[in-house]
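Peer 1: This is the structure I have questions about; it appears just below.
Bear in mind these aren't lab numbers, they're just calculated from the coordinates by the rules spelled out. None of the values given here were measured: they were computed from a predicted structure. Heads up, the Cβs are rebuilt from the backbone with ideal geometry, glycines too, and the neighbour counts pull from every protein chain shown.
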Amino acid sequence: YISNRSPIKIRIDEREVTPFQAGRDFLTSVLAIASQEIGLKNEEVALSVPVEAYEHYENWLTGVAEAVGILRFRLIDEPSAAALGYGAHVQPGNVYLIFDFGGGTLHASVILMENEEAALSGKRCRVLGKAGKTIGGSRLDQWLFQEILHRNQRLDSDEEIRQVSTTLLVACEQLKEQLSFQEAAAIMPIPLAGGGALQAEFTRADFEELLDQNELFAEINQTVRSAVNQARERGYSEDDIQAVLMVGGSSQIPSVQRTLRQFFGKDKVFFNRPLDAVARGAAAFVAGVDFYDHIQHDYAIRYVNPQKGNYDYRVLVQRGTPYPTNDPVARLNIKASYDGQHQLGIAIYEMGQQRPSESTSVELVFDPGGAARLVRLSPHEQQDRTLFWMNENSPTFLIAEPPASAGQARFEVEFFIDAN
């Protein structure tokens with residue numbers, strides 16, 4: 001309603017409330033409670049947005065956060081957050097299908113992960129294809145509602161049924177949830193004003209048959225196929241999809257999961273975090289988990305450059321290298337520096353981004369009297385600030401037995417990058 005700027009108004013307690021007002025009141029309460037519980041004043045908050053949310057929706061969302069006093073926040077689109085929440089090794093160019101089956105709607109979106117330059121606004125993915133239906137968990141509850149009335153030979157127009165309709169709908173929702181995790185379930189008897197009670201027992205097979213009768217699985221296949229076909233028109237085939245990520249409460253239904261696995265194969269479909277994948281991914285995003293699994297700094301070895309008569313650095317792993325790696329990213333032969341050398345090693349450095357040589361840098365320091373002053377850093381000092389000697393405590397970790405001769409290559413070292 002908010003994203004589409006719906007003009008609808010609902011009368012509550014003698015006042016008309018718009019979706020903008022209702023959403024603002026709800027989100028304000030959530031953020032206020034969270035702030036009281038964990039203190040958000042100095043924390044960065046992630047706000048997830050639908051991948052095709054309009055700018056005015058983002059402006060509304062950030063406006064609410066600012067009004068509550070949230071000073072630091074970042075936006076992330078929901079498919080990207082879902083991918084992070086599922087622990088996917090996200091890379092630019094990866095394609096995912098997000099299957100979102102919630103309370104009121106069913107959506108399938110094929111999305112392409114953008115490169116970092118295109119993702120600076122928080123929009124880290126581009127929609128290649130999408131399709132949706134106005135079918136959700138509430139519709140499934142209604143099907144159960146009608147089936148229970150049919151089994152009890154009742155009509156929804158009966159006055160006795162009208163009096164307990166809300167109670168019955170709640171019971172149907174609970175029944176649906178129970179059948180997602182167990183093979184059989186029943187609703188507690190619901191007493192009727194004229195005597196008797198509504199009651200029913202269902203097996204999971206009964207429930208799945210009901211879903212099939214109402215063509216849910218056909219609707220799912222049609223929706224997914226439509227999104228995949230649109231992506232194909234943009235040059236991305238079904239085989240290009242790395243993973244199918246299921247989100248939304250109704251994605252917990254086993255037969256729904258089975259339908260997606262039959263479509264894409266069991267290894268591609270992930271459904272173990274349908275309720276919190278987006279929230280977990282958004283939290284990981286602001287907690288410092290890099291969205292794309294690639295190396296952030298160069299990694300190099302230090303060596304003596306005979307022409308300079310000083311140390312120099314050879315980069316082994318360049319910034320931007322994706323990980324984990326299956327093959328070696330670099331190989332080195334370790335040679336002895338002198339005859340009889342028993343311990344050999346290499347000095348491995350992590351290198352931050354260096355400033356241009358013509359740039360100036362200063363550092364704030366305090367003298368013994370507590371007075372602060374700015375000190376200009378030399379190019380050499382600036383370089384030192386960008387270098388971290390990773391194995392300073394164990395620079396010679398290779399033991400040559402018997403001792404090596406000068407210039408003799410004794411060890412071949414391969415470098416890999418693991419998932420950590």
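Peer 1: Determine the principal axes of the Cα atoms in segment 198-256, then give the extent along each, sorted from largest to smallest and rounded to whole angstroms.
Peer 2: Ordered largest first, segment 198-256 gives principal extents of 53, 20, 15 Å.
Peer 1: Here's another thing I want to ask about it. What span do the alpha-carbon atoms of segment 87-271 cover on each of the three principal axes, reported in whole Å from largest to smallest?
Peer 2: Per principal axis, max minus min of the Cα coordinates gives 67, 31, 28 Å.
Peer 1: If packing is taken as the average count of other Cβ atoms within 10 Å, what order do 165-176, 180-191, 91-102 fall into, highest mean first?
Peer 2: On the way: 165-176: 17.4, 180-191: 14.1, 91-102: 21.6.
Going from most to least packed, we get 91-102, 165-176, 180-191.
Peer 1: Calculate how many DSSP beta bridges within segment 87-271 are antiparallel, expressed in % of all such bridges and rounded to the nearest 5. Working shown, then result.
Peer 2: Details: 21 of 29 bridges.
For segment 87-271, the DSSP antiparallel bridge percentage is about 70.
Peer 1: Mind giving me the nanometre distance, one decimal, between the label points for PHE397 and HIS56, set 7 Å out from Cα along Cα→Cβ?
Peer 2: Output for this residue pair reads 5.8 nm.
Peer 1: Would you mind putting 394-400, 198-204 in packing order, based on average other-beta-carbon counts within 10 Å, highest first? Display every interim value, and only then the final one.
Peer 2: Working: 394-400: 13.0, 198-204: 17.3.
Per-residue mean Cβ counts within 10 Å order the peptides as 198-204, 394-400.
Peer 1: Next question. Stretched out fully, how many nm does the piece from ILE8 to ASP206 gain, at 0.36 nm a residue minus the Cα gap? Display every interim value, and only then the final one.
Peer 2: Numbers: separation 198, 0.36 × 198 = 71.28 nm, distance 3.83 nm.
Working it through step by step, the gained length comes to 67.4 nm.
Peer 1: Relative contact order (percent) for segment 87-271, with alpha-carbon contacts under 8 angstrom and 6 or more residues of separation?
Peer 2: On the way: 292 pairs, mean separation 49.6, N = 185.
For segment 87-271, the relative contact order is 27 percent.
Peer 1: May I pose another question? What's the magnitude of the charge dipole for segment 54-199 around its Cα centre, counting Lys and Arg as +1 and Asp and Glu as -1 at the beta-carbon? Answer in Debye, nearest 20. Let's see the in-between values first.
Peer 2: Details: 12 positive and 18 negative charges, 36 e Å.
For segment 54-199, the charge dipole is close to 180 debye.
Peer 1: To the nearest 0.05, how large is the calculated FRET efficiency for GLU44 and TYR1 if R₀ is 22 Å and r is the Cβ-Cβ distance? Before the final figure, lay out each step's value.
Peer 2: Values: r = 28 Å, r/R0 = 1.28.
The formula returns an efficiency of 0.20 here.
Peer 1: Can you work out the Karplus-derived ³J(HN,Hα) for every residue in segment 299-309? Use 6.51 cos²θ - 1.76 cosθ + 1.60 with θ = phi - 60°, whole Hz, and x for glycine or proline.
Peer 2: 10, 9, 10, 9, 9, 8, 8, x, 6, 7, x
Peer 1: Place a point 7 Å from Cα of GLN91 in the direction of its Cβ. Which residues in segment 300-326 have their backbone N less than 11 Å from it?
Peer 2: Backbone N within reach: 321-326.
Peer 1: Once both labels are modelled 7 Å past Cα along the beta-carbon direction, what's the LEU387-GLN213 spacing in nm?
Peer 2: Distance between the two pseudo-spin positions: 7.6 nm.
Peer 1: Hey, got the dipole for segment 131-223? About the Cα centre, +1 on K and R Cβ, -1 on D and E Cβ, debye to the nearest 20? Please report the intermediate quantities before stating the final value.
Peer 2: Numbers: 7 positive and 16 negative charges, 36 e Å.
Its charge dipole is roughly 180 debye.
Peer 1: Measure off 7 Å from each Cα along the Cα-to-Cβ vector at ASP327 and VAL286, then give the distance between these two points in nanometres to one decimal.
Peer 2: Output for this residue pair reads 4.1 nm.
Peer 1: Evaluate the relative contact order of segment 151-239 (contact order divided by residue number), counting alpha-carbon pairs under 8 angstrom at least 6 apart; express in whole percent. Don't skip to the end; give the middle numbers.
Peer 2: Values: 64 pairs, mean separation 17.0, N = 89.
With pairs under 8 Å counted, the relative contact order is 19 percent.
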